[in-house]
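**Q** Got a structure here, written out as structure tokens. Questions coming.
The values are calculated or read from the model by the stated rules, or taken from the named source; none is laboratory data. From a predicted model like this one, the values you see are computed outputs, not experimental measurements. Every residue, glycine among them, receives a Cβ derived from its backbone with ideal geometry; neighbour counts consider all protein chains shown.
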Amino acid sequence: MNIIFPELNNPIINSALALYNSLPDVAPITPIPTTNLQSACDALSSNAAAALVAGIDYSSRDVILACRDHLGMATYSSFNKPDTTLAYKTFSGLAVMERQTPSGNTETFLLADMAACKHPTKTQFLEIIHQTIISSQKILSDTPRLALLSFSTLGSGGRDEIITTFNEIVAELRSSGRSDFLIDGELQLDAAINPTVAKKKAPHSPVAGRANVLIAPDLNSGNLLYKSFEQLAGFTVAGPILQGFNYPVSDLSRGSTINDVVLTLKTLVKLAS
């Protein structure tokens, strides 16, 4: 698979590519170098490659603006009206977070939006969630179980605008009758991912205690959360993966490690396949 790298001279990128291509049972990656972000986006638009990786040296703002200005927005089918084709107006950032458990299993969480949309409206949340469900169905080997995160669990926090918005979104998406994902909220993080806490706070939730996809209430929360997973909890993090564009793009954190980039490459191969 061809992937475009406008920062191919970066030693972390080179080491990650070498490590990735040495792994067994992966689709080999052929790196396509470009001189800047615009030429990278132009090459991607002309189908010279399947995906784009940038951001190890460029700022997130530079990467996102280049994609916004040079890549088209993807189209999608509405969950409630599957015969209706729409074009995304919102783009978002997805983090894929993995670590090995003491028992030797791989623990994986997806998180959005943690890179792009500061204070999403209900309409923007619906697009972010739609993008994330589609991505998660390609990335995860299990059914996506989405938790809409908040300071509150199923009304425990009283009245709040984000609680109302998340309640409306859950009702709307459940009314679609789709069985290929589960969604619930609002949920606190511990109720979303800890089965013991979930039994106390949300015993009847189809998601609580088993969430593998986390939806942040705003960009502050999402950005802090993914960096906490990485810096404090020892997760390897792929991304941010930019969602909503016509092509898979990764806007790497400038703090990305070699292992972060390797996981990003694995993720992009899944999304582009």
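**Q** Being of a type in the set (S, T, N, Q) and outside any helix (DSSP H, G or I) is the filter here, so list the residues in segment 25-51 that pass it.
**A** Listed by number, the residues that qualify are Thr30, Thr34, Thr35, Asn36, Ser46, Asn47.
**Q** Output the residue which, of all residues in segment 153-175 that are part of a helix (DSSP H, G or I) and hydrophobic (A, V, I, L, M, F, W, C), is farthest from His204 (Cα to Cα).
**A** My answer is Ile162.
**Q** Condition first: in a helix (DSSP H, G or I) and free of Cβ contacts under 8 Å to residues at least 12 places away in the same chain. Can you find one or more residues in segment 134-152 that meet it?
**A** no
**Q** Can you tell me which residue in segment 176-200 is nearest to Gly155 (Cα to Cα), limited to those that are in a loop (DSSP other than H, G, I, E, B) and touching a helix residue (DSSP H, G or I) at 6+ places or on another chain (Cβ under 8 Å)?
**A** The qualifying residue nearest to Gly155 (Cα to Cα) is Gln188.
**Q** Quick check on segment 73-101: of everything there that is of a type in the set (A, V, I, L, M) and not in a loop (DSSP other than H, G, I, E, B), which residue is farthest from Cys41 (Cα to Cα)?
**A** Of everything passing the filter in segment 73-101, Met97 is farthest from Cys41 (Cα to Cα).
Each row is one residue, and each column tells you yes or no for (1) under 19 Å from Asn10 (Cα atoms); (2) assigned by TED's automatic domain parsing to the domain that holds Leu111; (3) outside any loop (DSSP other than H, G, I, E, B).
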| position | (1), (2), (3) |
| --- | --- |
| Ser250 | yes, no, yes |
| Gly255 | yes, no, no |
| Asp260 | yes, no, yes |
| Thr264 | yes, no, yes |
| Thr267 | no, no, yes |
| Lys270 | no, no, yes |
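**Q** From Ser78, Ser59, Ser39, grab the single residue that is in contact with a Lys or Arg (Cβ under 8 Å, 6 or more places away or on another chain) and of a type in the set (S, T, N, Q).
**A** Residue meeting the stated conditions: Ser59.
**Q** Which of the residues spanning segment 210-234 are of a type outside the set (D, E, K, R) and either part of a helix (DSSP H, G or I) or not assigned by TED's automatic domain parsing to the domain that holds Leu149 (or both)?
**A** Leu219, Asn220, Ser221, Gly222, Asn223, Leu224, Leu225, Tyr226, Ser228, Phe229, Gln231
**Q** Which residue out of Lys118, Lys122 is surrounded by fewer than 20 Cβ atoms within 10 Å (Cβ to Cβ), in the same structural domain as Ala208 (by TED's automatic domain parsing), within 16 Å of the chain's Cα centre (by Cα) and modelled with pLDDT of 95 or more?
**A** Lys118 is the lone residue from the list that is surrounded by fewer than 20 Cβ atoms within 10 Å (Cβ to Cβ), in the same structural domain as Ala208 (by TED's automatic domain parsing), within 16 Å of the chain's Cα centre (by Cα) and modelled with pLDDT of 95 or more.
**Q** Going residue by residue through segment 102-115, is there one that turns out to be assigned to a loop (DSSP other than H, G, I, E, B), small (Gly, Ala, Ser) and closer than 30 Å to Asn10 by Cβ?
**A** Within segment 102-115, one or more residues are assigned to a loop (DSSP other than H, G, I, E, B), small (Gly, Ala, Ser) and closer than 30 Å to Asn10 by Cβ.
**Q** List pairs: first in segment 250-264 and closer than 21 Å to Ala116 by Cα, second among the aliphatic types (A, V, I, L, M) and in a loop (DSSP other than H, G, I, E, B), Cβ under 7 Å, 6+ apart or cross-chain?
**A** Every condition considered, the pairs that remain are Asp251/Ala115; Leu252/Ile56; Arg254/Ile56; Ser256/Ile56; Val261/Leu252; Thr264/Leu252.
**Q** Next up: Within segment 153-172, how many residues are surrounded by 15 or more Cβ atoms within 10 Å (Cβ to Cβ), in contact (Cβ under 8 Å) with a residue 24 or more places away in the chain and closer than 20 Å to Asn220 by Cα?
**A** Qualifying residue count, segment 153-172: 4.
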